[in-house]
Structures are given as structure tokens and as C-alpha cells.
1. In terms of Cα to Cα distance under 16 Å, which aspartates and glutamates are near enough to residue 262, apart from those fewer than 8 places away along the same chain?
2. Measuring from centroid to centroid over Cα atoms, what is the spacing of the stretch 100-156 and the stretch 234-292 in Å?
3. Which aspartates and glutamates have a Cα lying under 15 Å from the Cα of residue 297, excluding residues fewer than 8 positions away in the same chain?
4. Give the shape of the stretch 145-283 as rounded, prolate or oblate, defined through the alpha-carbon gyration tensor: a ≥ b ≥ c are the square roots of its eigenvalues, a/c under 1.5 means rounded, and otherwise the shape is prolate if a/b is larger than b/c and oblate if not.
5. Quick one: if you stick a label point 7 Å off each Cα along the C-beta vector at residue 234 and residue 271, how many nm between them?
6. How big is the antiparallel share of DSSP beta bridges in the stretch 7-300, given as a percent to the nearest 5?
7. Looking only at 63, 145, 163, which one moves most when the chain is put into a Gaussian network model with springs between Cα atoms under 10 Å?
8. Going Cα to Cα from residue 294, which lysines come in below 20 Å? Please leave out same-chain ones fewer than 8 positions away.
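Read-outs: derived from the displayed coordinates by stated rules, not from any lab. In this text, all values refer to a predicted model and were calculated from it rather than measured experimentally. In this analysis, Cβ positions are derived from the backbone assuming ideal geometry, glycine residues included, and neighbour counts consider all displayed protein chains.
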Amino acid sequence: MTRCFSLSEAVHGYYRSGFIKSGLQPVSTDLDDGTTIHCWIPKTRPDSKPNLLLIHGLGASAVWQWSAVVRRLSPHFNLFVPDLLFFGASSTTRPDRSETFQAQCLMALMEAHSVRRFSLVGLSYGGFVGYRMAAMAGGGVVERVVICCAAVCMEEKDMKDGVFRVSDLDEASRILVPESVGKLRELMGYIFYDPSRTRLIPSCLLEDFIEHALRREYVEEKRELIKAIPKDRKISDIPKIAQPTLIVWGESDRVFPVEMGKRLERHLGPNGKLAVIKRSGHVFNFEKPKPFFKLLKSFLLPPST
């Protein structure tokens, strides 16, 4: 049979082309413990450019989540854009589902590519991973940190206390890792500033997106990643990183309310600063790429650059 056209695969190809035009190339790194990390790395790495690691969140692979800002960032940074474990072409046979394990794998990835100093940007779930990397490595390796809409300072009791719109963790994991068009529509209702526009998207395109962009491999593993985040989590146990940290939030985030960003800012004290992007939701990297890029550039680059 002739294979049907997939819009999601076409878009994925377009995004890959954009990464290549931005001077990046895909590589897979075997960490020798049953773990393989797929990552986009610079074809050339000028010493004049600082190194920057971009860590995506839940959803599709890295090229989908960072496509809107990579072309803006690539002239200024040596970019490293990995797929987290169970996303894209990254996988592991290890049973660990913690953000700490993800962080350890990304640290090993950067070491494998001889990147000894870098800054990082963590988006949503990637913010949990990036924060853990900054705590593990210290300022001698991770220089500056950007945490985007990641409720790093959430506690396990927040789920029961009604801090989030969905208080049942199993239900939250089914929404955040959707297998059906109905759940994907529900997810879009949470992540976009104006979800009414998404109601016109035909169901066939959403089914195609689930099949070819979100993919049905590793569904349970991804849900286990979500469930591992709040387990026994207390603010008192969360380290206070010493690196200068920019906290970026969408004004109308329905996944993690902006109060979570304020909580992290209080936790970090003088090392943390919160910036709120107006008229945006959880996915401001799609909705407001220009103001997002301006925040990143002003924070990550010295004024003379």
C-alpha cells in the first residue's frame, strides 16, 4: 500500500532542515550503560561563542520544541540540543526515572563532547533536569541557568492541596502524555494562552501528530517520569543553586501557575530573578519566541557581545 502523507513528518523535516541551516548536526552518543543520547551539536565550535545547552520539556522531540528560537540563538552560541531519555532517538535500559538520572546522563553527554563550561536553558520538565544539573555541577561547570515554567519548588502535598488544576497524578500523566485526540485537545486547553483557536484543528491532524510527533513508544516510561517528580518532594530538600538564574514564566500558565515561579524566586533569593511574558501560556517558546529570545540574549550574553 502507498503510505499516506503525514503533515507531522513534513513539519519535522522542515524543523530538522532549520537546525542544519543553523549549523547543527545530529549525533548519537553511547554512554556505555545501556543509555544512548541523541543530540544536535555544532558542526564547528568557535571559542568566541559561549556554550549553551537547551533542554526540552514533555511533548515532541527537541527539534519541535526549540525550532522557533534555535535560528535566533545559533549566531551567538555553540548550541547543544539533546533529546531527553524516551524522547526522539534517546533511550535507556536503566530503570531510573528521576530527573537526577536525566541530569547525570546530560552531564555525561557534555563531558563526552568535551564541553567543560556551559550555560543551560530548561523548558518545563527540562527545567527540573537543568536545575538538578546546576546543583550537581556547580558554577565551575554550569555558568548561568534559565528555568522556564518548571515548578522546581513544588511539593508532594501541592497535588492534594489543589495548587494545580489537575490534582490526580495519574490523570495528569494521561493528559501530559496523551494517547487519544480527546486527551490531546484537553492538553492544548492547558498549555496555550488562547486555546479556542485549537478547536478548529481537524481530529485527523491531531491523530497524525500523536502518531508521528508524540509517538506511541515509551508512553508508560514518560508517565513514570512525571510521577517521579513530586514523590516525597519538599522545598526544604531542594538545593539552592548559586548560579545567576533567570526564571521565565507565561502570564497565563495553566499547567504550573506563575506562583510556582515566584516560589522559586523566593527560594533562590538574590541569585534568582523572575520574568513574566505577557499574553502567553505554558508554551511561550511557540507563542512568544521573540520576547523569549530577547530575555535569553540579555541574560546569557555580556553587554559587549
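1. In chain and number order, the partners are 155, 158, 251, 253.
2. Going from one Cα centre to the other spans 15 Å.
3. Within reach: 143.
4. On the way: a/c = 2.15, a/b = 1.56, b/c = 1.38.
Cα axes put the stretch 145-283 in the prolate bin.
5. Between residue 234 and residue 271, the simple spin-label model gives 2.1 nm.
6. The antiparallel fraction comes to roughly 35 percent.
7. Comparing 63, 145, 163 in a Gaussian network model of the chain, the most mobile one is 163.
8. Hits, sequence-local ones excluded: 49, 273, 278.
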